[in-house]
Amino acid sequence: MVFPENEHKLVRKIFEDKNDKIPDKIRFGNQFVDDFIFEDHQAANIPINALRVIFNIITIISNEQFRPEDRPKQLTLFDEEFETENNIFASISIRNHKISPSGSTKQVVDAYEYLTKFKMGWYKSQNSKGKEIKTFGGLISTPSYDKRGYTTFLISSYWLKKLLVIPEYNYVLYNLVYNIRNNKHIIFAIWLSKIPKSGTAIKLSTLNNKFGVNYKTANDFCFKFLKPAKISLNRYNTLSFNYNYKGDLIFIHPYNTEQNINSLNIMESISEQSKLTKRIHYFKTRYGLLEHEMVQFSFQYRNIPQTRVLIEKAFREFIQSNRLLGKISTEFQGMNFLNEIQSIIIKLYQNTKMGEILPNGYPVII
């Protein structure tokens with residue numbers, strides 16, 4: 001996936017995804033949310049993987065975000081760096097597995113292509129000296145793979161300013177885009193973070209437009225859209241809501257779920273780690289793996305979900321091929337077993353789209 005560079009684009013800053021630490025929450029500037037997501041209701045259908053791109057952009061630039069009333073000099077510095085000429089951009093790199101944890105090249109390609117085309121056009125802004133600055137593109141431009149498992153793209157000064165300069169903002173949990181599968185529920189969570197704690201009342205027609213749905217009655221909207229959204233947010237968000245309706249008017253009342261969500265996440269994390277530990281122990285005992293032979297295999301299996309899926313797929317093929325040959329799989333012990341699994345992983349990987357692009361990018365478990 002490569003889009004030709006526009007020779008008139010000037011790159012003034014480079015951001016790269018170097019931090020492995022996952023944030024609990026990220027700051028969404030209200031102006032970005034209003035202009036990008038809710039201005040014309042197009043973003044109600046933005047795919048989940050494209051939302052992951054947005055969440056990771058904000059994560060990577062988070063250390064540069066500021067409120068101009070707290071740091072007025074920072075706004076001047078931004079103007080001097082990004083708003084002196086037309087078509088000035090920043091370059092951002094994101095690891096592909098953060099967009100598609102399953103390792104699907106198609107999901108990564110589709111996410112970036114969507115954001116390249118979405119809201120593509122000319123955008124104008126004024127810098128602190130009153131000069132009009134123009135930039136062309138969508139949220140991102142010219143995405144391309146590199147050989148390190150990243151996708152690199154440009155983001156215009158127009159959208160970068162809305163993400164960095166945040167006079168008003170709200171926190172949204174980073175992991176929403178990994179825990180919740182319904183993209184509209186995530187869009188709803190972003191919107192919910194903006195409404196007053198006292199709640200709000202909105203017409204059915206407005207909510208239909210805002211979230212790209214077409215329910216005929218408030219009752220339908222409440223029980224077919226709001227009820228499942230509430231279940232998702234109760235489970236995975238620190239902010240959920242109650243609802244009721246009267247005629248075509250729907251009332252939304254936010255409430256905090258932080259204590260419940262923290263307890264639930266801890267329990268789920270313990271349960272998941274227990275399952276992984278049992279599975280790793282199974283491989284170790286059944287195939288006679290020594291401690292030093294387990295180090296790389298165990299790390300890959302426990303910490304990298306897409307590699308875990310590939311290991312399990314390779315293991316199933318290993319069992320099946322041995323049955324066809326009339327062999328018992330436990331004839332392979334220690335490094336012989338790992339070598340067999342590694343060779344199948346290489347074969348499976350090289351038959352994927354990613355394998356065509358990066359033939360030697362397969363996971364190493366030995």
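Past the 23 Å Cα-Cα mark, which pairs from K13/K184; K210/K230; K98/K134; K25/K162; K275/K313?
Beyond 23 Å between Cα atoms: K13/K184; K98/K134.
Could you tell me the calculated FRET efficiency between E80 and T285, based on Cβ-Cβ distance and R0 = 56 angstrom, to the nearest 0.05? Provide the component values of the computation, followed by the final result.
Working: r = 63 Å, r/R0 = 1.12.
It comes to 0.35.
Over the heavy atoms of K224, what accessible area does a 1.4 Å probe trace out, to the nearest 10 Å²?
120
For the chain, find the longest principal axis of its Cα atoms and tell me its angle to the long axis of helix 258-286, 0 to 90°, nearest 10.
20
Would you kindly derive the ³J(HN,Hα) couplings of the stretch 220-232 from the backbone phi angles with the Karplus curve 6.51 cos²θ - 1.76 cosθ + 1.60 (θ = phi - 60°), listing them in order in whole Hz, with x for Gly and Pro?
With the stated coefficients, the stretch 220-232 comes to 4, 4, 5, 8, 9, 10, 5, 4, x, 5, 4, 4, 4 Hz.
Counting only heavy atoms of protein chains, what accessible area per residue, in Å², does the chain have with a probe of 1.4 Å?
Here the per-residue accessible area is 52 Å².
Using only Cα atoms, tell me the angle between helix 72-82 and the longest principal axis of the chain; keep it within 0 to 90° and round to the nearest 10.
So the helix axis and the longest Cα principal axis differ by about 70 degrees.
In the chain, what percent of the accessible surface is made up of carbon and sulfur (1.4 Å probe, ligands and nucleic acids excluded)?
The nonpolar share, carbon plus sulfur, comes to 51 percent.
Determine, from the Cβ-Cβ distance of E356 and R308 and an R0 of 25 Å, the FRET efficiency 1/(1 + (r/R0)^6), rounded to the nearest 0.05.
Working: r = 22 Å, r/R0 = 0.90.
Efficiency, rounded to the nearest 0.05: 0.65.
So, with +1 on the Cβ of K and R and -1 on the Cβ of D and E, and no other charges, what is the size of the charge dipole of the chain about its Cα centre, to the nearest 20 debye?
Rounded to the nearest 20 debye, it is 940 debye.
For the stretch 129-201, what does the convex hull of the Cα positions come to per residue, in cubic angstrom?
Cα convex hull per residue, to the nearest whole number: 188 Å³.
Any chance you could give the angle, 0 to 90 degrees and rounded to 10, that helix 305-324 forms with the longest Cα principal axis of the chain?
It works out to around 30 degrees.
On the principal axes of its Cα set, how long, how wide and how thick is the chain? Give whole Å, largest value first.
Cα spread of the chain along its principal axes, largest to smallest: 74, 55, 37 Å.
Compute the distance from the alpha-carbon center of the stretch 288-366 to that of the stretch 128-198, in whole Å.
Cα centroid to Cα centroid, the span is 37 Å.
Run the helix sum for the chain: -39,500 (n - 2.57) per DSSP H stretch of 4+ residues, divided by residue count, reported at 222 nm to the nearest 500 deg cm²/dmol.
Details: 14 runs with 164 residues, N = 366.
Value at 222 nm, helices only, nearest 500: -14000 deg cm²/dmol.
Can you give the FRET efficiency for R323 and R181, using 1/(1 + (r/R0)^6), R0 = 30 Å, r = Cβ-Cβ distance, to the nearest 0.05?
0.30
With each label point set 7 Å from Cα along the Cα-Cβ vector, what nm distance links K347 and F299?
Placing both labels 7 Å beyond Cα along the Cβ direction yields 2.7 nm.
The values are calculated or read from the model by the stated rules, or taken from the named source; none is laboratory data. Predicted, not measured: the structure shown is a model, and the values here were computed from it. Note that we place each Cβ from the backbone using ideal geometry, even for glycine, and neighbour counts take in every protein chain shown. Areas reflect the complete protein model, heavy atoms only, side chains present, ligands, DNA and RNA absent. Shrake-Rupley method; radii C 1.70, N 1.55, O 1.52, S 1.80 Å.
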